[in-house]
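Structure record follows, encoded as structure tokens.
The values are calculated or read from the model by the stated rules, or taken from the named source; none is laboratory data. Quick caveat, the model's predicted, so the values are computed rather than measured. A quick note on method: Cβ atoms are made from the backbone with ideal geometry, for glycine too, and the neighbour counts reach across all protein chains shown. Each accessible area value is taken on the protein alone, full model and side chains, heavy atoms only, with ligands, DNA and RNA left out. Shrake-Rupley method; radii C 1.70, N 1.55, O 1.52, S 1.80 Å.
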Amino acid sequence: MIIATGCYSGYLPKAPGTWGSLVGLLLVFLFHNFSLPAYCAVVATLFAVGSFAAGEAEKIMDNRDPGAVVIDEIVGMLITMAAVPLTPLTVLSGFILFRIFDIVKPFPVNFFDQRFHGGIGIMLDDVIAGIYSLAVLQLLLYLLF
């Protein structure tokens with residue numbers, strides 16, 4: 001439950017996904033000096049461990065995709081900020097972009113959200129939202145700088 005709820009941040013009042021995303025940002029700052037392959041290995045490991053933890057938490061809570069499970073948002077934020085220089089503007093932009101894609105769930109985010117269940121289903125929609133956010137953020141960086 002500690003992993004699935006992002007050290008219990010998913011239990012904080014109102015908007016657990018936002019709290020989980022903030023925990024994800026803390027991890028971004030922790031891992032930002034890693035090489036890209038090492039950073040990706042951390043993300044892949046968190047995805048695998050998170051998928052298992054989220055699935056188990058879903059069973060314990062007897063609820064499909066419970067709001068308190070925020071490991072998916074944590075991984076999504078890590079994906080959003082992969083290979084992005086950390087400045088106040090990029091961090092804020094990445095956070096906002098990820099929250100928008102996670103909440104709005106444009107295709108195929110909504111497809112994964114609706115069709116996949118269990119731990120992998122909990123994780124996949126946020127992985128796709130993170131990839132969308134990363135792509136938009138990288139495009140903005142390319143166009144503006």
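With the structure loaded, tell me whether Lys59 is of a type in the set (Lys, Arg) and surrounded by 13 or more Cβ atoms within 10 Å (Cβ to Cβ) or whether it fails that test. No. Counting only residues that are over 21 Å from Thr90 (Cβ atoms) and either among the hydrophobic types (A, V, I, L, M, F, W, C) or touching a Ser or Thr at 6+ places or on another chain (Cβ under 9 Å) (or both), region 122-145 holds 3 of them. Of all residues in region 1-44, those being among the hydroxyl-bearing types (Ser, Thr, Tyr) and either under 13 Å from the mean Cα position of the chain (by Cα) or at pLDDT below 95 (or both) number 3.
Residues that are touching a residue at least 24 places away in the same chain (Cβ under 8 Å), assigned to a helix (DSSP H, G or I) and open to solvent by 50 Å² or more (accessible area, probe 1.4 Å) within region 23-46 comprise Phe29, Leu36, Cys40, listed in sequence order.
Taken over region 70-90, the criterion of being open to solvent by less than 20 Å² (accessible area, probe 1.4 Å), assigned to a helix (DSSP H, G or I), without any contact (Cβ under 8 Å) to a residue 60 or more places away in the chain and under 16 Å from Ala129 (Cα atoms) is satisfied by Asp72, Val75, Gly76, Met77, Leu78, Thr80.
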